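The values are calculated or read from the model by the stated rules, or taken from the named source; none is laboratory data. Predicted model, so just to flag it, every value in this text is computed and none were measured. Positions of Cβ are backbone-derived with ideal geometry, glycine not excepted, and every protein chain shown enters the neighbour counts. Keep in mind that these areas ignore ligands, DNA and RNA; they rest on the heavy atoms of the full protein, side chains included. Shrake-Rupley method; radii C 1.70, N 1.55, O 1.52, S 1.80 Å.
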Amino acid sequence: PRTQKAPLQIHCVSGGKKANFKFSTKWADTKTWSIDFERPLSSGVNCSLTNNSAKDLKGIAVSSIDKYSFSTGGPALLGASPQYGDIEPEQYFIILTDGEINIDSLQKVAYFEIESISDKVGLEVIKDEKQRDEVLRADIKESWRWHEFRKYLKSKKPLSEIHELDNFILVRALRRFPDNHDVTLHWPNGILSKSGVAVTEAQSLKFHVMRSFEATFSCERSAPERPCNPVLGMRLNFSNRIPTYLLKGAKLVSEKGTVWTPVELQSGDQNKNSNVSAGTSKSHRHFQVIENFSDQQVDKLTFSGPFSEKTKFKLTLPPNIRDEIGRALVNQDKFPLETSTDVFSPLIKFSAAF
């Protein structure tokens, strides 16, 4: 029945309201009529098609059922942030869906699964607009995966008033994640769109929680059971970054009373003790000059040698050290940490550069 008149009328509803999506229609052949939407439909859309009193070329009415219908399904996860690296024990998550969502159904059905813990952990949607705006703005600015949304950061409007960002949701777990555990965010069947269409295909996203905040001492040794090589440096590594001003007072003291201050706490050129190949000009060494430690963070303390041979040392840290997210050092009680140096190793001297 190839006629100019559309054989069917289409009506769509999204979010409980009538939706006027732009589309075009055409006859693919003498028997096939198609609808092409200008843009992909979001989730939670219900559309119905009814007979438009269609007739064939002989004027005979085309019979049909009262109504045909289709749905785009419940809201699906398009992505989440953070995506890479370990998450914090009290992590906020930004999730992006392909349609507006029923918040109550999300809080009721979605959950976190934590390694070695049998109970499901519910989640909370952060509804405070100021808090959501702050976290979302920072994440869109820093995360490459949201680069297409960066243009909206230039707007003077609050992000909550920008309709194109409505599908971003800020959530957090209802309990603190234990350190060094695997965590899975479950997006199960039953989550509803605003129009009441339910998710029918479950999804999940996996994360790993950062390990406990601890300090680990290391130095070069001629054998695993030997003391530290007195010629080379000693290092204290932290499992997470620390504001430098909290480490003020950290030092390495020999039994004779000689004090070594960590390179990271010395003002001025922080690369002066680094290994730079001969002939490299200073302009290409990327020198970092530090004068004020208030805004610096480090994940290690380096004590440069040489040290006295066959000598005992104590590595002292300030009390109540906390990392950048406020966690206390779990092995703070191990300090002052005692160590010692070995005898000087035999040296080979060369008469020229080697």
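DSSP loop (so not H, G, I, E, B), at most 11 other Cβ within 10 Å: list which GluC sites (Glu not before Pro) in region 173-247 pass both filters. All intermediate terms of the calculation are to be shown ahead of the outcome.
Values: sites: Glu201, Glu214, Glu220, Glu225; in loops: Glu201, Glu214, Glu220, Glu225.
Within region 173-247, the qualifying GluC sites (Glu not before Pro) (loop, at most 11 other Cβ atoms within 10 Å) are Glu201, Glu225.
Nearest 0.05, what FRET efficiency do Glu113 and Leu337 give at R0 = 45 Å with Cβ-Cβ as r?
Values: r = 38 Å, r/R0 = 0.85.
Given R0 = 45 Å and the Cβ-Cβ separation, E is 0.75.
Would you mind checking the tilt of helix 129-142 against the longest principal axis of the Cα atoms of the chain, expressed as 0 to 90 degrees and rounded to 10?
On a 0 to 90 degree scale, this one is about 70.
As I understand it, the dipole of the chain uses +1 on the Cβ of Lys and Arg and -1 on the Cβ of Asp and Glu, about the Cα centre. Which of Tyr84, Phe149, Ser308 lies farthest toward its positive end?
The listed residue farthest towards the positive side: Phe149.
Give me the percent of accessible area attributable to carbon and sulfur for the chain, probe 1.4 angstrom. It would help to have the intermediate numbers written out before the result.
Numbers: 10660 of 22050 Å².
Answer for the chain: carbon and sulfur cover 48 percent of the accessible area.
Quick one: compute the contact order of the chain, relative version, from alpha carbon pairs under 8 angstrom and 6+ residues apart, as a percent.
About 14 percent, as a whole number.
Figure the gain on full extension for Glu225 and Thr316 (residue separation times 0.36 nm, minus the Cα-Cα span) and round it to one decimal in nm. Working shown, then result.
Details: separation 91, 0.36 × 91 = 32.76 nm, distance 2.29 nm.
Length gained between Glu225 and Thr316: 30.5 nm.
Run the simple label-point estimate for Ile103 and Asn180 please: 7 Å along Cα→C-beta, distance reported in nm.
Between Ile103 and Asn180, the label points sit 3.8 nm apart.
Just to confirm, what accessible area per residue do you get for the chain at 1.4 Å probe, in whole Å²?
Details: 22050 Å² over 354 residues.
Dividing the accessible area of the chain by its residue count gives 62 Å².
How many angstrom separate the Cα center of region 115-160 from the Cα center of region 1-77?
Cα centres, region 115-160 to region 1-77: 36 Å.
Between Ser69 and Glu309, what is 0.36 nm times their sequence separation minus the Cα-Cα distance? Round to one decimal in nm. Write down the numbers at each step before the final one.
On the way: separation 240, 0.36 × 240 = 86.40 nm, distance 8.47 nm.
Working it through step by step, the gained length comes to 77.9 nm.
Reported to two decimal places, what Rg/Rh ratio describes the chain when computed on Cα atoms with Rh from the Kirkwood expression?
1.21
In whole percent, what relative contact order does region 24-139 give with Cα contacts below 8 Å and a gap of six or more residues?
Values: 116 pairs, mean separation 19.7, N = 116.
In percent, rounded to a whole number, it is 17.
When the chain is treated as a GNM, springs tying every alpha-carbon pair under 10 Å, which of Ser63, Ser81, Ser193 comes out with the largest mean-square fluctuation?
Among Ser63, Ser81, Ser193, the largest mean-square fluctuation in the Gaussian network model of the chain belongs to Ser63.
Assuming R0 = 41 Å, can you tell me the calculated FRET efficiency for the pair Val253 and Trp144, based on Cβ-Cβ distance, to the nearest 0.05? Please report the intermediate quantities before stating the final value.
Details: r = 46 Å, r/R0 = 1.12.
So the FRET efficiency works out to roughly 0.35.
Return the sequence-ordered ³J(HN,Hα) values of region 332-344 in whole Hz as given by the Karplus equation 6.51 cos²θ - 1.76 cosθ + 1.60 applied to θ = phi - 60°, using x for Gly and Pro.
Using θ = phi - 60°, the values come out as 4, 5, 7, 10, x, 9, 9, 8, 8, 10, 8, 6, 5 Hz.
What pairs in Lys130/Lys156; Lys17/Lys108; Lys26/Lys58; Lys312/Lys334; Lys314/Lys334; Lys22/Lys156 have C-alpha atoms more than 18 Å from each other? Can you show the working numbers first?
Values: Lys130/Lys156 14 Å; Lys17/Lys108 24 Å; Lys26/Lys58 20 Å; Lys312/Lys334 16 Å; Lys314/Lys334 11 Å; Lys22/Lys156 29 Å.
Exceeds cut-off: Lys17/Lys108; Lys26/Lys58; Lys22/Lys156.
Would you mind getting me the FRET efficiency between Ala352 and Tyr84? Use the beta-carbon distance for r and R0 = 45 Å, nearest 0.05. It would help to have the intermediate numbers written out before the result.
Numbers: r = 47 Å, r/R0 = 1.05.
With R0 = 45 Å, the Cβ-Cβ based efficiency is 0.45.
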